[in-house]
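Visitor: Have a look at this one before I ask anything.
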Amino acid sequence: MIALEKIIRDITLFMLLLVLSRTALERAAVQISKEKTSVWEPIAVHELDQDFLTLIEDTKKQINKIIDKTNSLANSEKKKNQLKNLKTQVESIEKKYKKNSPATFILGPIGTSAIVLKEKKLEKELSKIKKQLELISKQ
């Protein structure tokens with residue numbers, strides 16, 4: 001009985017592997033054919049959330065405003081360094097958010113899940129930066 005259950009499990013997993021492989025190959029074929037026919041328009045791997053991009057731009061503007069305000073202060077080197085560090089982190093988040101590997105598109109649901117998880121992680125990082133920015137601006 002146990003051997004039969006293992007055989008059924010193995011066959012089921014193998015069939016699942018075949019289905020997932022077939023889906024990946026079909027998506028790859030579609031991707032390649034679209035790239036061959038459309039030279040000017042790259043295929044969008046994932047649609048970017050404009051609200052999140054706006055939030056990133058707003059954060060960058062806030063950092064720039066605070067930097068401008070701190071330039072007039074004499075003893076603000078530490079604050080300027082913190083703000084430059086935050087600005088670098090925000091730019092890094094923006095770069096990571098805008099760039100998605102075409103390979104994740106081919107992976108189908110697994111790739112989509114990876115993109116969504118990455119976005120959630122970047123949103124958490126941006127919220128931490130906004131909290132730090134709020135603390136710095138109160139100083």
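Visitor: With a 10 Å Cβ neighbour count serving as the proxy for reagent exposure, in which order, fewest first, do Glu47, Glu91, Glu134, Glu119 appear? Intermediate values should be presented prior to the final figure.
Guide: Numbers: Glu47 6, Glu91 13, Glu134 10, Glu119 17.
Taking fewest neighbouring Cβ atoms as first place, the list is Glu47, Glu134, Glu91, Glu119.
Visitor: Shifting gears a bit: Can you tell me the length gained on complete extension of the stretch Ala29 to Lys130, counting 0.36 nm per residue apart and subtracting the Cα distance? It would help to have the intermediate numbers written out before the result.
Guide: Working: separation 101, 0.36 × 101 = 36.36 nm, distance 4.23 nm.
Value of the extension gain: 32.1 nm.
Visitor: Figure the gain on full extension for Leu55 and Asn71 (residue separation times 0.36 nm, minus the Cα-Cα span) and round it to one decimal in nm.
Guide: Values: separation 16, 0.36 × 16 = 5.76 nm, distance 2.44 nm.
Extending this stretch completely gives an extra 3.3 nm.
A short reminder: the numbers here are calculations on the coordinates, not readings from a lab. Predicted model, so just to flag it, every value in this text is computed and none were measured. Ideal geometry is used to build each Cβ from the backbone, glycine not excepted, and the neighbour counts take in all protein chains shown.
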